[in-house]
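Contents: one structure, followed by commentary.
Any read-out appearing in this document is the output of simple, stated calculations on the displayed coordinates, not a laboratory observation. These figures come from a predicted structure and were not determined experimentally. Virtual Cβ from ideal backbone geometry, glycine too; neighbours counted across all protein chains shown.
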Amino acid sequence: MNIGFELIRKMLAPWLKEASLMLKLGLAIVITIIALSITAPLLTQYSPIIKVGDALRPPSTKHLMGTNNLGYDMFSRILYGGRTVLTVVVSATLLSMCIGVPLGLISGYYGRIVDRIFSIIMDSMYAFPSLILALAIAAVLGPSMVNAIIAIAVVYIPTYFRMVRGQTLSIKSLLYVEAAKAIGARDLRIIIKHILPNLLPTIIVVFTMNIADAILTEAGLSFLGFSVPPPTPDWGADLRAGHEYLLAGYWWLVAFPGFMIMLLAAGFALVGEGLNDILSLRGAEKR
Amino acid sequence: MIELEIIDLKKYFPVQKSFLERLLAREKQFIKAVDGISFKMFSRQVFSLVGESGCGKTTTGRLIVRLEKPDAGKIVFEGSDITFADEKQLRPLRRKIQIIFQDPYASLNPRMRIGEIIAEPLIVHSIADKKEAKEEALKMLENVGLTPPHMFYRLFPHQLSGGQRQRVAIARAMILKPKFIVADEPVSMIDVSLRAAILKLLMKFKTLYNLSILFITHDLAVARLISDTIAVMYLGKIVEIAPTEELIDNPLHPYTKALLSSVPSLIRRKREKLVLKGEIANPINPPSGCRLHPRCPYAESICSREEPKLIFYGNNHYVACHFPLVNRRY
Ligand SMILES: Nc1ncnc2c1ncn2[C@@H]1O[C@H](COP(=O)(O)OP(=O)(O)OP(=O)(O)O)[C@@H](O)[C@H]1O
Ligand code: SF4
Ligand SMILES: [Mg+2]
């Protein structure tokens with residue numbers, strides 16, 4: 001068995017290098033953007049919500065990414081916009097994880113009628129395209145940061161639920177869970193000590209992948225005017241404001257926010273993929 | 001004293017089918033894994049359940065520790081009926097009845113340290129606080145021969161060999177000082193050279209704690225080494241029960257005799273060999289009457305019509321056969 005494993009490892013070696021490269025690249029992107037948005041006040045003297053110069057100026061040494069139609073500094077809006085995007089997206093994904101994971105554990109562990117009810121609700125939510133569902137919720141709640149967080153969080157609950165439920169179903173019939181039952185462990189202990197830790201790697205992977213997806217959903221929401229209200233800096237909102245000027249040749253109004261949205265989403269997706277390869281391989285090693 | 005009594009215990013598993021098959025099938029089908037078995041176990045004895053793969057040994061063991069819910073029958077442990085006890089009623093009993101599983105590679109949580117695994121029963125039953133539990137676990141590690149205990153305490157299961165893992169499983173089962181152990185083929189997945197040591201360890205705890213052990217095995221030679229009584233199972237039924245030496249010297253059931261014939265060390269020179277024809281039958285539709293009749297060289301017409309009952313043949317010897325081998329002994 002060991003020889004077989006070594007063989008597989010050798011065959012996978014080039015891929016593995018690639019996997020760790022993916023992870024490194026992803027982490028570099030993500031960490032840089034996070035650092036930039038945290039240190040924004042040190043990097044620019046301009047406030048993102050005050051007119052600091054002429055409107056619609058192209059990038060220059062004074063305004064690195066130009067100014068927008070209101071004369072706000074775009075570079076500053078990009079930096080501070082990163083804060084908004086990260087806050088909304090990370091809080092939303094954390095929130096859906098905190099709801100989806102326990103529901104999935106309960107559903108998978110206890111089965112029966114509870115499972116039926118949860119599964120039907122979650123499946124019908126999952127059937128909606130994420131942006132449309134988020135839009136519907138945000139439209140009902142009204143545009144604000146908290147409401148955007150709630151809308152996005154609701155959209156991703158089924159992702160966690162389905163993954164956790166499925167894995168719980170298979171883990172709960174494993175022998176070590178039966179062994180825990182045989183020593184008299186209560187359900188709560190079995191779920192927390194024996195099932196959850198074995199789910200953690202997958203949860204982490206899904207979490208990062210989810211952030212990548214949520215970035216696009218958030219951008220969509222704010223592009224359509226259902227996220228943070230103006231003048232709060234936000235990439236999606238800037239994209240919306242700028243696209244009217246694109247045909248007139250003011251490319252910098254959409255290019256920078258659009259690029260940042262794609263870059264951040266790609267960064268998290270790379271981290272997710274990279275982690276997935278590493279964690280699933282480590283799982284294989286442990287068996 | 002009777003430690004455990006099993007009366008007409010049954011467990012049927014529904015056969016998993018695809019949607020189409022379920023539509024077409026007239027009625028639900030069941031695997032009759034355990035189909036009405038009865039036996040008594042005396043305290044401080046080792047009682048072995050022997051039989052080929054799939055005859056229902058593991059299911060019997062799991063029913064007794066109530067990891068499985070019986071469909072019918074009775075399980076009486078130390079005088080109290082635990083057949084349909086719920087988890088809450090079972091909790092105090094789980095301190096007294098423990099199980100050692102066949103597969104030490106699957107029975108230990110890969111994300112817990114060895115020490116935590118062994119100490120867990122003490123925590124679960126609030127017998128010790130964290131510190132006391134750790135001390136107990138370290139003592140236990142020493143007791144099961146995993147030394148130095150401080151080193152093993154911190155390791156994870158994947159860092160141990162199969163034999164070492166089974167020692168951990170034994171330590172976890174023994175730390176509650178149980179009265180009754182189900183040992184489900186505890187050495188069958190372990191390197192042959194290490195088996196004797198694991199069995200010896202089990203026997204050490206038996207004397208230490210005055211344990212009763214239900215020992216499950218497919219290997220009559222192993223059963224003979226350690227058990228006081230042996231029961232032979234075939235297709236969900238017990239076909240013969242007798243004290244160990246009696247069973248090996250005087251098998252009354254053709255199936256027992258065939259099992260003995262396949263173990264070189266147990267072949268008696270004066271006894272003719274018995275080789276059964278055919279394969280073990282399908283547990284979904286077991287043969288009518290005596291389940292061995294399509295394969296039994298002594299079968300007569302009554303065998304396919306009437307199911308033989310387990311009857312007393314003297315010397316604590318019970319057999320379920322219409323034509324036991326009493327007169328064909330040698
Ligand atoms: N959970 C289950 N669901 C469905 N069928 C089962 C289940 N557990 C056991 N069976 C079936 O019941 C029968 C008896 O199984 P059991 O594991 O008790 O046999 P065994 O004597 O322990 O065999 P082995 O020597 O292979 O361990 C088998 O046919 C098996 O396929
Ligand atoms: S009852 Fe008949 S078929 Fe069954 S073992 Fe005895 S002789 Fe053979
Ligand atoms: Mg078995």
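Our coupling estimate for segment A:29-40, obtained by passing each phi through the Karplus curve with A = 6.51, B = -1.76, C = 1.60 and θ = phi - 60°, is 4, 4, 5, 4, 5, 4, 4, 4, 6, 5, 8, 3 Hz, Gly and Pro reported as x. Between amide H atoms placed 1.01 Å from N, distances below 5 Å from B:THR83 occur with B:ILE75, all of them 5 or more places distant or on a separate chain. Charged side chains reduced to their Cβ positions (Lys and Arg at +1, Asp and Glu at -1) give chain B a dipole of some 300 debye around its Cα centre. Considering the options A:ALA138, A:ILE50, A:VAL89, tell which one lies farthest towards the positive end of the dipole of chain A, charges being +1 on Lys and Arg and -1 on Asp and Glu at the Cβ, about the Cα centre. Sorting the options by dipole projection puts first A:VAL89. Over 31 Å apart at the Cα level, from the set A:LYS172/B:LYS134; A:LYS24/B:LYS131; B:LYS69/B:LYS273; A:LYS172/B:LYS309, are A:LYS24/B:LYS131; B:LYS69/B:LYS273; A:LYS172/B:LYS309. Between the listed residues B:LEU260, B:GLY289, B:LEU276, the Cα displaced farthest toward the positive end of the dipole of segment B:251-330, a dipole computed from Cβ unit charges relative to the Cα centre, is found at B:LEU260. Residues in segment B:2-11 carry Karplus couplings, in order, of 7, 8, 9, 10, 10, 10, 6, 6, 9, 9 Hz; the curve used is 6.51 cos²θ - 1.76 cosθ + 1.60 with θ = phi - 60°, and Gly or Pro positions show x. The residues B:LEU235, B:LEU23, when put in order of fewest to most other Cβ atoms within 10 Å, stand as B:LEU23, B:LEU235. Taking amide hydrogens as placed 1.01 Å from N in the peptide plane, the amide H of B:GLY36 sits under 5 Å from those of B:LEU9, B:LYS10, B:LYS11, each at least 5 positions away in sequence or on another chain. Distances between placed amide hydrogens fall under 5 Å for B:ILE230 paired with B:SER48, B:ALA242, B:THR244, all partners being 5 or more residues away or on another chain. Net charge dipole, the protein assembly as shown: roughly 1640 debye, given to the nearest 20, about the Cα centre with Cβ charges of +1 for Lys and Arg and -1 for Asp and Glu. Inter-chain neighbour count for A:181-191: the average number of beta-carbon atoms from partner chains within 10 Å of each residue's beta-carbon is 6. When each of B:THR83, B:THR207, A:THR61 is scored by the number of other beta-carbon atoms lying within 10 Å, the sequence from fewest to most is A:THR61, B:THR207, B:THR83. Our note on the geometry: Cα centres of segment B:107-133 and segment B:44-78, 26 Å apart. The fewest-to-most ranking of A:ASP73, B:ASP219, A:ASP213 by surrounding Cβ atoms within 10 Å reads B:ASP219, A:ASP213, A:ASP73. In segment B:251-330, Cα pairs under 8 Å separated by at least six residues give a relative contact order of 32 percent.
For segment B:212-235, the residues whose amide N sits under 14 Å from a probe point set 7 Å from the Cα of B:GLU307 along the beta carbon direction are B:234-235. With the simple model of a label 7 Å out from the Cα in the direction of the Cβ, B:SER193 to A:THR39 spans 6.0 nm.
Which of the listed residues, B:ILE302, B:VAL124, B:TYR234, is farthest toward the dipole's positive end in chain B, when Lys, Arg count +1 and Asp, Glu count -1 at the beta-carbon? The listed residue farthest towards the positive side: B:VAL124. Assuming charge only on the beta carbon of Lys and Arg (+1) and of Asp and Glu (-1), the dipole of chain A about its Cα centre is about 820 debye to the nearest 20.
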